[in-house]
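The values are calculated or read from the model by the stated rules, or taken from the named source; none is laboratory data. For clarity, every value in this text was computed on a predicted model and none was experimentally measured. So basically every Cβ, Gly included, is an ideal-geometry build from the backbone, and we count neighbours across all protein chains shown. These area figures cover heavy atoms from the full protein model, side chains too; ligands, DNA and RNA do not enter into them. Shrake-Rupley method; radii C 1.70, N 1.55, O 1.52, S 1.80 Å.
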Protein chains: 8
Amino acid sequence: MQDIWSIYLSGEIHTDWREEIAKGAKEKALPVQFSAPVTDHPASDDCGVTILGGEEKKFWHDRKGAQINGIRTTSLIKKADIVVVRFGEKYKQWNAAFDAGYAAALGKPLIINHGPEIVHPLKEVDAAAMAVAETPAQIVEILDYVINGKLAGYTE
Amino acid sequence: MQDIWSIYLSGEIHTDWREEIAKGAKEKALPVQFSAPVTDHPASDDCGVTILGGEEKKFWHDRKGAQINGIRTTSLIKKADIVVVRFGEKYKQWNAAFDAGYAAALGKPLIINHGPEIVHPLKEVDAAAMAVAETPAQIVEILDYVINGKLAGYTE
Amino acid sequence: MQDIWSIYLSGEIHTDWREEIAKGAKEKALPVQFSAPVTDHPASDDCGVTILGGEEKKFWHDRKGAQINGIRTTSLIKKADIVVVRFGEKYKQWNAAFDAGYAAALGKPLIINHGPEIVHPLKEVDAAAMAVAETPAQIVEILDYVINGKLAGYTE
Amino acid sequence: MQDIWSIYLSGEIHTDWREEIAKGAKEKALPVQFSAPVTDHPASDDCGVTILGGEEKKFWHDRKGAQINGIRTTSLIKKADIVVVRFGEKYKQWNAAFDAGYAAALGKPLIINHGPEIVHPLKEVDAAAMAVAETPAQIVEILDYVINGKLAGYTE
Amino acid sequence: MQDIWSIYLSGEIHTDWREEIAKGAKEKALPVQFSAPVTDHPASDDCGVTILGGEEKKFWHDRKGAQINGIRTTSLIKKADIVVVRFGEKYKQWNAAFDAGYAAALGKPLIINHGPEIVHPLKEVDAAAMAVAETPAQIVEILDYVINGKLAGYTE
Amino acid sequence: MQDIWSIYLSGEIHTDWREEIAKGAKEKALPVQFSAPVTDHPASDDCGVTILGGEEKKFWHDRKGAQINGIRTTSLIKKADIVVVRFGEKYKQWNAAFDAGYAAALGKPLIINHGPEIVHPLKEVDAAAMAVAETPAQIVEILDYVINGKLAGYTE
Amino acid sequence: MQDIWSIYLSGEIHTDWREEIAKGAKEKALPVQFSAPVTDHPASDDCGVTILGGEEKKFWHDRKGAQINGIRTTSLIKKADIVVVRFGEKYKQWNAAFDAGYAAALGKPLIINHGPEIVHPLKEVDAAAMAVAETPAQIVEILDYVINGKLAGYTE
Amino acid sequence: MQDIWSIYLSGEIHTDWREEIAKGAKEKALPVQFSAPVTDHPASDDCGVTILGGEEKKFWHDRKGAQINGIRTTSLIKKADIVVVRFGEKYKQWNAAFDAGYAAALGKPLIINHGPEIVHPLKEVDAAAMAVAETPAQIVEILDYVINGKLAGYTE
């Protein structure tokens, strides 16, 4: 019986990179279990006021939602064996960088994923990572190697 | 296979709020496992002297029982993913506030549940919480969102 | 050169018990440094809105203040060698019980101080304590014994 | 003798907010000691290659520098009693958000400082904070209250 | 599905108290899993030299064995939810007191078991315990109460 | 149902000592699960550049690979109940000594395996170990004793 | 300016071994600060009831005192750099073995001191130690070597 | 008043690299305090038997000494802000790699120092480091930058 590795996929929510990784992992039959923040953007923004009652001030509207989301995200990061954080080309994505810092302080192995055009502003985040990947496919290969010891052209 | 979330339900023992939450969670088929202190009040008071022998002084009668209850409560709080603490309108309920502080120091996500009439005396406890709910039904909705990402009117 | 012991005095703010302890410690020249929450009640209630701007809702008024107070209280509890928590006869004092739970989870030695009339509702809090005192004078004697090994009638 | 509080000032490096805070703290004679990342931008970018030798690839140029800066920043965050993180209106500032997450996971009390126009993208970072300030002057007032218990109009 | 509680049974090896507890737990169908040091005295003494080669000096003979036994005992104490330590009337049993201290420092709930004739010399060990029992039957009742909330004469 | 013990086998990769241990454990039907670094030497050296792209400098070629291997090795050491480290007669094997130090700082029980000719240079590593074995067969016997309490000539 | 090392001297209270060590350390001008439990036996036994009020039952008489002593002993062990535990030839000394286990679980370097006649019953305690000394003079020499790097016949 | 940084200098003992660093730090008036293992090789080898009595077997001779040295080295690594480990061209130096792993697991910032000819066998150790320096002079420059923010050609 093989151990299941828990992989938390933090960050960008406007492309289907999580599905790409999940598909690649399925094709290789990796013993992994993925988790992620709630990726439905409107639900994520409004969960606080929808469940606990509305707020006139945007600040408290956001606070209520962000703290409920925080129950999920901090719980899942703490349970994860590996934390992957992807940065897209748009948006501030401060929550992604926050998650990376949070995971780093807990000693979780970090894999950062982003394109070459944002190497410089991400240098402190990258410097805390065990791997910096440009594509979801590379992340699948890293997981295959880390978990199964398989490397294309070497072990196969 | 989905992970089971452990939810500890601390506090008030004179209403059926735990059953309400359990019923709501069952209706939504949430992958949760609830735990709680012993809620049989006389048993909770007398467990120490019943098992280990009587005491003339009320102080030691209480101490013996409270420490045996403490084996249960601290063990379950440590194992919990989320700690919910409910304050009723009556009684001192210092053990509930103690549990909240204990859970907070361990970094457990806290959900506090109480009515609007005791907002002010509970402000320090609420300030340590990720969510402050007024009803058990809201707690079920929070769990459904946090665990499954489901939010009425958004994802359904 | 003798080490200074840090003693945090949590709880009741309507009597002068902290001054009594400080005076007793001074008379015995104990090498201690006391700390405490802000005990000016109006300042404690309003610090959040006074500094960061007003809130219409009492809940957020309280939250803003309680979190700023929380910076002080959790910092000082973490730095303390011994945490003393006093419960008076009035008020809910849930913040006092919260502090006791917080300190207990951090493994801080707890001394609880209260009168005999509230022994039963405090039993879970007392059960986590290393000593339960009825008077501030007893707390001074405990500190003198714990720090200096002095006990009236034995070592003097 | 009063304890010195260590305050780490993370984030924005293009305005003189750190000097404002230091000046305000000096005027109030606060027992604080401030620390910060290296705020000389060119030195911060080039420290790695200047000391350890050049790199052709920008990625490794950045990595070398960011890791040396990381020795300083993670050491100082770990030693801090309170971590303040300021976000300006420009730039990605992912290192600031990373520091906030890092400090949050270590249980450090966080004060976040930013203008009202970036409340929404910072909601997850703000949600982890004990206080969200708009100006450096407010931060000085928070420190004065937290450390000395002083509040304008109340205790003075 | 109910969680299994891990109970480590440390201490005395010359009576059948572990079997008594196991039998009692089986009768009540408690969801528990017991573990213990190796209780075969000669094997425990000689495991080091038998496996790794003989020693002329008794000191190293003992060291080799005690360290291999230590792999087992510290591993099992770390995994335990509750640690029970029994002191018999004979022998030094310093390893039992060592285990109690080890478990206490890890924050494990301790149950100490011994007869009334050794109350005084065990006072420091008892003072770290959540319960002090005189008989194995009482330990079974404590486990039934702590795990199932069952108490004879109250809940049955 | 018996717990499975996780055993991490670090160090030498040029003999079949891991297979010997696995075979011996299978013959005794030990409830163990072994893990190890990737032992395919070329894959281990090149995994970084193969997955993430080539490097001209050997230093970064090595860094990329070593960090990906580090995801695996530190994760598995953290999950292990017991860490075994074997030193062969050749090569620097600094990664083996690094793993031993890493495991020791985490409080993992260490078993070191090496021949008598390198006792002196390994003295600091051996001094952190619970057992120092010369052969894989001895390691199997230690596991059988530690997990099952079985010792040839005593319990059989 | 040289760091002061904190050395906790636990165990036997019927000989003057602590004075011997202190004298030896003074002669060598070691930068050390010693601490110890309260060694006045009657005060140690009666501190609880003397300060907090009498008890009819010996068990609670002992409990009250042992817990107050526990404030001192656990605080000082946690602050210590090195913990020394001495076992005399008489008495149960379970508190000494408890302290050794407590210190071991906290990762404190342990030095155990006892005569050759009790090597066997102390084997588990000795196995957790970094050094096992027979005399106080040896302990002084160990401290001189560990702190100053001085060894008679080598460095002098 | 400036904080003093504690720097532990582990590894090679046959060149004067520690003096070079100390001299460089003194010239720059860095607020640092260096510590190191005992670097007198014969004393380091024989401290155990010299203080505690001779051993016939080399293995125990080494064990006794290595454990006493371990009191010093693990204490100083735990107290260090930064750990520097230097590898020379000769000898096994497994204790240096062990120290590096030990420090890495404790989350200490690591600086590794070695020549280019041993890059490959040190790749796992280097991969855990925040900086890899070739010369002691570079280490002084790193310390000057990390502590004072000074960088030749930039801030001067």
Provide the net charge surrounding H:Lys23, with neighbours chosen by a C-beta distance below 15 Å and charges set as Lys +1, Arg +1, Asp -1, Glu -1. -3
Enumerate the amide H contacts of A:Asp81 below 5 Å, restricted to partners 5 or more residues apart or on another chain; note that Pro and chain-start residues carry no placed amide H. A:Ser6, A:Ile7, A:Tyr8
When Lys and Arg each count +1 and Asp and Glu each count -1, what net charge do the other residues less than 14 Å away from H:Lys79, Cβ to Cβ, add up to? +2
Vicinal HN-Hα couplings computed from phi for region A:42-47 (Karplus, 6.51 cos²θ - 1.76 cosθ + 1.60; Hz; Gly/Pro x): x, 4, 4, 6, 9, 4
Given the options B:Ala80, B:Ala127, B:Ala22, state which has the largest fluctuation in a GNM of chain B using a 10 Å cut-off (strictly under) for Cα springs. B:Ala127
Between F:Tyr91, F:Tyr145, F:Tyr102, find the one with the highest GNM mean-square fluctuation for chain F; connect C-alpha pairs within less than 10 Å. F:Tyr91
Does region H:1-78 classify as rounded, prolate or oblate by the C-alpha gyration tensor (a ≥ b ≥ c root eigenvalues; a/c under 1.5 gives rounded; else a/b over b/c gives prolate, otherwise oblate)? prolate
Which percent of Cα-Cα pairs in the protein assembly as shown sits in each 20 Å bin, short to long? 11, 40, 41, 9, 0
Across G:139-148, the residue-averaged tally of Cβ atoms belonging to other chains within 10 Å stands at 4
Leaving ligands, DNA and RNA out of it, work out the accessible area of F:His120 with a 1.4 Å probe and give it in Å² to the nearest 10. 60
Counting only protein heavy atoms and rolling a 1.4 Å probe, how much accessible area do F and A lose on contact, total for both sides, in Å² to 100? 2000
Inter-label distance for C:Lys26 and F:Tyr91, nm, one decimal - labels placed 7 Å from Cα along Cα-to-Cβ: 7.0
Spin-label zone in region F:25-61 - amide nitrogen under 20 Å from a point set 7 Å from the Cα of A:Ala137 along the C-beta vector: F:47-55
Could you go through region G:77-86 in sequence order and give the Karplus-derived ³J(HN,Hα) for each residue, using 6.51 cos²θ - 1.76 cosθ + 1.60 with θ = phi - 60°, rounded to whole Hz, and x for Gly and Pro? 5, 4, 7, 6, 7, 9, 10, 10, 10, 10
Would you tally the net charge around F:Gln93, using a Cβ to Cβ cut-off of less than 12 Å, leaving F:Gln93 out, and scoring K and R as +1, D and E as -1? 0
Calculated from DSSP helices alone, with each H run of at least 4 adding -39500 (n - 2.57) and the total divided by the residues of chain G, [θ]222 nm to the nearest 500 comes to -14000 deg cm²/dmol
Nearest-20 debye value, region F:5-68 charge dipole, Cβ charges on Lys, Arg, Asp, Glu: 240
Probe of 1.4 angstrom, ligands and nucleic acids ignored: what's the accessible area per residue over region F:1-130, in square angstrom? 38
Any chance you could check the Cα centroid distance between region B:106-129 and region E:75-118 for me, in angstrom? 37
Shape call, region A:65-130: gyration tensor on alpha carbons, a/c limit 1.5: oblate
Pairing the Cα long axis of helix A:17-27 with the longest principal axis of chain A, what angle in degrees results, from 0 to 90 and rounded to the nearest 10? 40
Size of charge dipole - region G:1-112 - debye, nearest 20, with Cβ of Lys, Arg +1 and Asp, Glu -1, no other charges: 260
Charges at C-beta only: +1 for Lys and Arg, -1 for Asp and Glu. How large is the resulting dipole of region E:59-156 about its Cα centre, in Debye rounded to 20? 580
Ranking C:Val85, C:Ile139, C:Cys47 by how far each Cα lies towards the positive end of the charge dipole of chain C (+1 on Lys and Arg Cβ, -1 on Asp and Glu Cβ), the top one is C:Cys47
Using a 10 Å cut-off on Cβ to Cβ distances, tally the other chain neighbours for every residue of A:111-120 and report the average as a whole number. 2
With all protein chains modelled, accessible area of G:Thr155 [1.4 Å, Å²]: 50
Portion, in percent, of the accessible area of chain E that falls on carbon or sulfur, probe 1.4 Å: 52
Accessible area of H:Asp45, 1.4 Å probe, to the nearest 10 Å²? 30
Which GluC sites (Glu not before Pro) in region C:27-89 sit in a loop by DSSP (not H, G, I, E or B) and have at most 16 other Cβ atoms within 10 Å of their own Cβ? C:Glu56, C:Glu89
Rotation relating D and E, chain E residue nearest the axis via C-beta, angstrom: E:Gly107, 9
Which whole-Hz ³J(HN,Hα) couplings does region A:59-65 yield from phi under the Karplus relation 6.51 cos²θ - 1.76 cosθ + 1.60, θ = phi - 60°, glycine and proline marked x? 4, 7, 3, 5, 4, 4, x
Need one word for chain E: rounded, prolate or oblate. Basis is the Cα gyration tensor (sqrt eigenvalues a ≥ b ≥ c); a/c below 1.5 gives rounded, then a/b vs b/c decides. prolate
Could you tell me which of B:Leu76, B:Leu9, B:Pro121 has its Cα farthest along the dipole of region B:1-140 towards the positive end, charges placed at Cβ (Lys, Arg +1; Asp, Glu -1), taken about the Cα centre? B:Leu76
